[in-house]
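Taken together, the values in this text are just the output of simple stated rules run on the coordinates, not laboratory data. Because the structure is a prediction, the values reported are computed rather than measured. Ideal geometry is used to build each Cβ from the backbone, glycine not excepted, and the neighbour counts take in all protein chains shown.
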Amino acid sequence: MSKDYDVVIAGGGLNGPALGLALADAGLRVAVVDAAPSRQRADDAFDGRAYALALASVRLLQGIGIWDDLAADSQPIRKVVARQAGASGAKVDPLGLFFDSAEIEEGVLGHMVEDRFLYRALLSAMEARLTHLPQTSVTGQSVDAAGVTVTLSDGQDLRARLLVGADGRRSGVAERAGIKRVGHDYGQTALVAALSITKPHEGTAWQVFLPTGPLAVLPLRGDKVSIVWSLTRPRAKAIAALGDQDFLGVVADQTEPLTGAISLAGPRFSYPLGLTLAQEYIADRVALIGDAAHGVHPIAGQGLNLGLRDVAALAETLVEAARRGEDIGFATTLQRYQGWRRFDATALALGMDGVNALFTNANPALRLARGLGMGAVNALPGLRRRFMRQAAGLTQQPMPRLLAGRPL
């Protein structure tokens with residue numbers, strides 16, 4: 001006997017649970033299939049993994065009822081500074097972008113939230129409001145005229161009108177649906193670590209463009225920051241292999257003006273970087289969100305924000321269709337979602353791809369042009385405020401209700 005749902009979501013990371021909660025709150029029957037043990041990521045140990053949530057993403061978390069559990073554990077982002085290395089490679093260029101949340105009426109630009117707190121809030125809400133199946137994965141899917149049968153790793157079958165792939169860049173849901181992908185390897189690896197610092201960060205997020213690759217220094221609660229340093233693969237491998245003190249020495253050469261003296265505040269991570277885009281976001285009774293639809297470069301920390309835009313758009317599309325009495329798995333319903341999201345997501349992904357290529361080129365003429373360009377934007381208050389609103393996720397049109405702070 002199969003169990004019946006309106007929507008089965010493959011993937012229990014962050015986007016999948018957020019979508020599940022939005023749909024469940026609107027009265028749909030939802031199951032989230034989560035390959036990870038339910039409490040593994042929700043434990044109390046600090047490991048430094050964190051996300052820069054744009055203001056629009058915070059509104060979505062408010063809309064699904066979990067922000068109140070997160071607010072006290074978040075770090076507001078009050079300023080954003082983007083600069084490139086100076087001509088010597090040792091100092092930053094005096095020209096750059098300087099964003100201050102005091103210049104926009106909506107308040108702070110966003111919040112830094114640690115993975116453990118975000119997942120814990122999502123987990124608690126899932127356990128109360130929908131069917132959560134931990135330590136289980138989707139191993140098969142079969143579509144017919146009336147719905148989709150989803151086979152799980154524990155042998156049971158679920159029946160639904162729609163299967164959502166929120167299962168990452170190597171999405172099994174997408175592959176089984178015949179959705180092809182395009183993209184390329186950046187030849188870069190991101191080094192990630194949490195640091196204790198001696199110079200107060202004052203809620204400032206830094207993006208420093210180095211010839212070796214972009215370095216983000218992101219504020220966390222207290223006297224801590226998270227760094228994400230994208231390096232050429234051989235250079236990253238060599239740095240990752242260093243002992244802790246030697247690793248800190250290399251990092252300090254780049255961060256000391258921003259952070260003061262540093263020490264490790266958690267484990268170190270690394271992961272390869274590449275661009276991957278699904279050619280379609282939908283198939284027969286299948287929709288993709290998050291990294292299953294688009295895996296982007298971590299410049300500006302837009303990966304999760306981009307996924308939450310998918311969540312807001314798909315949730316609104318499905319709920320409106322259900323209220324009109326439509327089949328939420330029909331192609332006409334899913335095409336509305338794809339039309340809403342694919343251009344925006346692809347444009348942002350390719351934009352980040354272009355920024356990475358532009359700022360990792362050490363050509364002196366390009367370095368000068370980049371500095372002048374950032375300086376020109378910074379000198380024009382109207383244009384600077386537009387960039388700030390875009391970074392806060394407030395410029396998407398049409399804006400999904402959840403991202404605008406309105407209920408579905």
Next on the checklist: Report, to one decimal in Å, the Kirkwood hydrodynamic radius for region 90-167 based on all distinct Cα pairs.
Outcome noted: 17.5
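Considering only DSSP beta bridges whose two residues both sit in the chain, what percent are antiparallel, to the nearest 5?
Counting only bridges with both partners in the chain, antiparallel ones make up about 75 percent.
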Checklist entry - In debye, nearest 20: dipole of region 231-321 around its Cα centre with unit charges on the Cβ of K, R (+) and D, E (-)? => result 300
Checklist entry - Lysine pairs, Cα distance under 21 Å, 8 or more residues apart or cross-chain: how many in the chain? => result 5
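Taking the Cα centre of the chain as origin, sum charge times position over the Cβ atoms of Lys and Arg (+1) and Asp and Glu (-1), and report the length of that vector in debye to the nearest 20. Kindly include the intermediate steps, with their values, before the conclusion.
Details: 42 positive and 40 negative charges, 170 e Å.
Rounded to the nearest 20 debye, it is 820 debye.
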Checklist entry - Per residue, what volume in Å³ does the Cα convex hull of the chain take up? => result 135
Item to check | For region 312-322, Karplus couplings with θ = phi - 60° (6.51, -1.76, 1.60), whole Hz, Gly/Pro x | outcome: 5, 5, 5, 4, 5, 4, 5, 5, 4, 5, 4
Checklist entry - Stokes-Einstein D for region 85-234 at 25 °C, 0.890 mPa s, Kirkwood Rh over Cα pairs, in µm²/s? => result 122
Checklist entry - Which Cα, out of Phe98, Gly266, Ile9, lies furthest along the positive dipole direction of the chain (beta carbon charges, K/R +1, D/E -1)? => result Phe98
Next on the checklist: Under 5 Å between amide hydrogens, which residues at least 5 positions from Ile77 or on another chain qualify, with H placed 1.01 Å from N in the peptide plane?
Outcome noted: Leu109, Gly110, His111, Met112
Item to check | Volume in Å³ per residue [convex hull over Cα atoms, computed for region 223-308] | outcome: 132
Checklist outcome for this item: Karplus ³J(HN,Hα) for region 168-181 (6.51 cos²θ - 1.76 cosθ + 1.60, θ = phi - 60°; Hz, whole; x = Gly/Pro) runs x, 4, 9, 4, x, 4, 5, 4, 5, 7, x, 7, 8, 10
Checklist entry - Got a sec to turn the phi values of region 258-272 into Karplus ³J(HN,Hα) couplings, 6.51 cos²θ - 1.76 cosθ + 1.60 with θ = phi - 60°, whole Hz, x for Gly and Pro? => result 8, 10, x, 5, 10, 8, 6, 10, x, x, 9, 10, 8, 8, x
Next on the checklist: Quick check: the distance between the Cα centres of region 216-273 and region 112-174, to the nearest angstrom?
Outcome noted: 34
Item to check | Spin-label pair Ala347/Thr232, simplified geometry with 7 Å Cα→Cβ offset, distance in nm | outcome: 3.4
Item to check | Reciprocal of mean inverse Cα separation for region 267-352 (Kirkwood radius, Å) | outcome: 13.7
Checklist outcome for this item: Compactness check, region 163-257: C-alpha Rg relative to the 2.2 N^0.38 Å globular estimate gives 1.39
Next on the checklist: Quick query: amide H of His294 versus all other amide H atoms, modeled in the peptide plane; which residues come in under 5 Å with a sequence gap of 5 or more or a different chain?
Outcome noted: Ala278
